[in-house]
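The next block holds one structure in the form of structure tokens; read it before the comments.
Read-outs throughout are calculated quantities, based only on the coordinates presented, and are distinct from any laboratory measurement. Predicted model, so just to flag it, every value in this text is computed and none were measured. When we count neighbours, we look across all protein chains shown, and the Cβ atoms used for this are built from the backbone with ideal geometry, even at glycine.
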Amino acid sequence: MPTVKQRRLGRDELAGRVNYSASLISMIESGHRSPSRDFAARCDEAFGTPGTFARLERRLRDVPFSSGFRPFEPYETAAVSLRLFEHTLIPGLLQTETYARAVLEAHPNTGADEVEERLAARMARQAVLSREDPPPPILWVLLDENVLVREVGSAEIMRDQLAHLAGLGHTRIAHIAGPQEVSTGLARYRGFIAAMEAHGLTPDPELIVTAKSFSIDEGMRCTQLLLQRDAGCTAVAAGNDMLAIGCYAALDEVALNCPADLSVVGFNDMPFIDRLRPPLTTIRFPHYQVGTEAAQLLLERIAGHTGPVKVLFLAPELVVRGSTGPPGGAA
């Protein structure tokens, strides 16, 4: 895409005109982030170009893979051996069309046309397994048995989180979603949507931002984008605690107070998260119990015990601390 300097606009000035953050513009220029249709249209308006950015955005969309997978696609095509491990989702190379569509439709801010484009590309990837010249790669796949026996993306993961915020009176709740190519990011996003609807709240696309990684920097960037959109949110449900810490940093940067201006909820209950100021309200998942139950199942199999597959449901726990309160100011 043309750089902002070609019209002598600084990134901050362009950010103000198109209502997107300067950091996002920098990532698009450097190729680390793909532009959206809305961003391209706003750039055409800001630069006075007759559809130039829109045409370039359509050209990028012709590469119908998520930004996280694009660097790996050429290697998958050329590989002589592929080794895959999945604990939640069927790998893309083995997905049926209906399964793949359900996964892709769950991605935030993805229209029907984009879903179909990505679906066609995902199905086309599977041709590598039946090609004749060169011979197909040797495929090694290790799946957790729960991939086959449980529903993908349980809504319970985020239900407690949203129930707590809704109970405090929040109706404009934002979500900083984890990477959607990562199973936990996708499951927690789907849980957020289900929980909002269960409480009679309509998810607002303007209040949903997707992080590229579960990191403090990405939490800060996503919160900055939410603040810049000025869509009136009073609470943020973060995909994990690291994203929530980044939310704290973004609020400090603009002298906003948590929870007076914005309530924040995390997920995971990391060590020392209760030492933050304010201590973080979060979802505690029974990781120790998961390890104990997994070891017990393995020992039973080694001992030759047979029988039906066990499906264990381990409930998360909401831990209420000082980062949530009734709605006050609106970010």
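Quick rundown of the values:
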{"read-out": "Relative contact order of the stretch 4-61, defined on C-alpha pairs under 8 angstrom at six or more residues apart (%)", "value": "25 percent"}
{"read-out": "Two-site FRET efficiency, E86 against A260, from Cβ-Cβ distance with R₀ of 30 Å, rounded to 0.05", "value": "0.10"}
{"read-out": "Per-residue Cβ neighbour rank within 10 angstrom, fewest leading, D204, D133, D113", "value": "D133, D113, D204"}
{"read-out": "Chain lengthening between Q289 and A249 when straightened (0.36 nm per residue, less Cα-Cα)", "value": "11.2 nm"}
{"read-out": "Extension reserve of the E197-T110 stretch, reckoned as 0.36 nm per residue once the Cα distance is removed", "value": "29.5 nm"}
{"read-out": "Where labels lie 7 Å past Cα in the beta-carbon direction, separation of A124 and T96 in nm", "value": "2.4 nm"}
